[in-house]
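Below: the structure, in structure tokens.
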Amino acid sequence: MSGGKTLAGDIVRLTIEGLGGLGDGIGRHHGIPVYIPLAAPGDVADVLIGGSRGDGVAGRLMTLVRAGETRRPPPCPYFGACGGCAVQHLAPEVYSRWKEGLVGAALARHDFAAEIRPMQAPAPGDPAAQRRRAVFAAERGDGAVAVGFNARATRKIVPIGRCLLLTPALNRLIGLLPELMGAFLADNERGQAAVTDLAGSVDILIVGPRPPGRAARERIAAVAQAHRIARVSWRGVKHENAAPDAIVQREPCRVSFAGATVDFPPGGFLQPSAWGEATLQRLVTEGMGKAARVADLFAGIGTLAFALAGAWGREARWKLAAFERDPALADALRQAANRAGLSGKLSVETRDLDRRPLLSEEIAAFDAVVLDPPRTGAKAQAEILARAEGPSRVVMVSCNPATFARDARILGGGGWTLEYVTPVDQFLHSAHLELVAVFARAKLPRRGR
């Protein structure tokens, strides 16, 4: 302390008063918020003051002087070192209340409010809620390869032997990844392994500095054969939008939605858990109401499109137009729709909606719109949708309450009413939160009529 001010490097004793948006405990020193990872409300702790952070300063928990009543022992031995989870140390009711409040807090920052329905959360121990995809970091040093998750806000890798959140198939894979990544990395090189459990068939996309040579490919094929890995592909670190190079494929990689079978592209997007997927599909279908002409924006491989098609049935008079930026995902959706006999009802267009959003005259053809954008949100599309004629219903899925609140405010400025938001806790023990929001407005008359 110096002159009554908090300085970086000081150690101060604080009582934790609440939780921030990232799950950090919040204490106050001379009225300045101090954000402290791994702290729980009610804790009394000696805290090392760091640099500026948002409207306050960062803090590091040095000594837990007295544990608060909201603190619980974390179930994972890697918690605290591994950056994958932020809030395993909270009592369940405190965790649920904090996480459910993230949506309202994000909306309030945009002077917006809505009915927030009770958060959907899986039953404890539900195997359908296990994470079926993950991205592991890897680095070779001194001849050995370390594989695990990054420590919080650093590039330091925390090697793990097992993750409590992953499916058994992905946990079995952890011990094999150092050998597999060793075929891609030289000393002091880093890479990533994006792994997806497709109901027991494991797809692996390696992102690395250079493609494997012939000998390395043979090693990779041998590992895949010995351990029944369905497919291993590679993509360069600096070529995010390039098509992956298939190294070995032992068996088809497929996923099903409402009876439609989709060929899963290497490293493709899938909802993190089967429970989360089913929950989002149900909430979106309920939110659609009686709409029969729907635009599915940011459609991916058809997670929501096929769920809607299944709910409507083959005999009903409906049309769905799906739009997806990634050519591989759009092609997989298109082919699956054709195989399912939906080619006359479900159309697919490859289109980057950030750069080329649907125009007002295109939107006018639909009764309702579904949006499931990435974490960056759908600002460009929301701005057009806010003033477009035609649809009377919008259902938005978001994995980022902050960008959702921004886009919701844009829609609200165009006359849309946010009827309700349902939080979905698909990312357990983290600050990430999924949600489904339903907007409505009176159908605007088309100009000139």
List the number of the failed condition for LEU280; all other conditions in (1) within 30 Å of VAL397 (Cβ to Cβ); (2) assigned by TED's automatic domain parsing to the domain that holds ASP187 hold.
-> (2)
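For (1) part of a helix (DSSP H, G or I); (2) over 23 Å from the mean Cα position of the chain (by Cα), each residue gets a yes or a no:
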residue: ARG60; (1), (2): no, yes
residue: THR63; (1), (2): no, yes
residue: ALA106; (1), (2): yes, no
residue: ALA113; (1), (2): no, yes
residue: PRO122; (1), (2): no, no
residue: ARG140; (1), (2): no, yes
Please tell me if GLU218 is at pLDDT below 95, surrounded by fewer than 21 Cβ atoms within 10 Å (Cβ to Cβ) and out of contact with any Phe, Trp or Tyr (no Cβ under 6 Å at 6 or more places or on another chain).
-> yes
Residue ID - nearest to GLY68 (Cα to Cα), chosen from residues in region 12-32 that are charged (D, E, K, R) and surrounded by fewer than 22 Cβ atoms within 10 Å (Cβ to Cβ) = GLU17
Within region 84-92, can one find any residue that is buried (at least 17 other Cβ atoms within 10 Å of the Cβ), touching a helix residue (DSSP H, G or I) at 6+ places or on another chain (Cβ under 9 Å) and over 30 Å from PHE136 (Cα atoms)?
-> no
Report yes if some residue within region 181-202 is touching a helix residue (DSSP H, G or I) at 6+ places or on another chain (Cβ under 9 Å), modelled with pLDDT under 90 and not hydrophobic (A, V, I, L, M, F, W, C); otherwise report no.
-> yes
Taking GLN225 as meeting all but one of (1) out of contact with any Lys or Arg (no Cβ under 6 Å at 6 or more places or on another chain); (2) under 29 Å from LEU428 (Cβ atoms); (3) of a type outside the set (Lys, Arg), write down the number of the exception.
-> (2)
Residue ID - surrounded by the most Cβ atoms within 10 Å (Cβ to Cβ), chosen from residues in region 104-143 that are of a type in the set (Gly, Ala, Ser), within 27 Å of GLU189 (Cα to Cα) and modelled with pLDDT under 95 = GLY141
Screening GLY377, GLY313 for residues that are within 24 Å of PHE439 (Cα to Cα) and either exposed (fewer than 14 other Cβ atoms within 10 Å of the Cβ) or out of contact with any strand residue (DSSP E or B) (no Cβ under 6 Å at 6 or more places or on another chain) (or both) leaves only GLY377
For ALA364, indicate whether it is in contact with a Lys or Arg (Cβ under 8 Å, 6 or more places away or on another chain), under 19 Å from PHE439 (Cα atoms) and either in contact (Cβ under 8 Å) with a residue 40 or more places away in the chain or polar (S, T, N, Q) (or both).
-> yes
What residue, of LEU333, LEU353, is at pLDDT 95 or above, touching a strand residue (DSSP E or B) at 6+ places or on another chain (Cβ under 7 Å) and surrounded by fewer than 21 Cβ atoms within 10 Å (Cβ to Cβ)?
-> LEU353
Out of (1) loosely packed, with under 14 Cβ neighbours inside 10 Å; (2) under 22 Å from GLY42 (Cα atoms), the one ARG72 does not meet is (1)
Scan of region 165-195 for residues that are surrounded by fewer than 21 Cβ atoms within 10 Å (Cβ to Cβ) and touching a Pro at 6+ places or on another chain (Cβ under 6 Å), ordered by number | GLU189
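The values are calculated or read from the model by the stated rules, or taken from the named source; none is laboratory data. Keep in mind the model is a prediction, meaning the values are calculated, not measured. With ideal geometry, Cβ positions are generated from the backbone for all residues, glycine too; neighbour counts draw on all protein chains shown.
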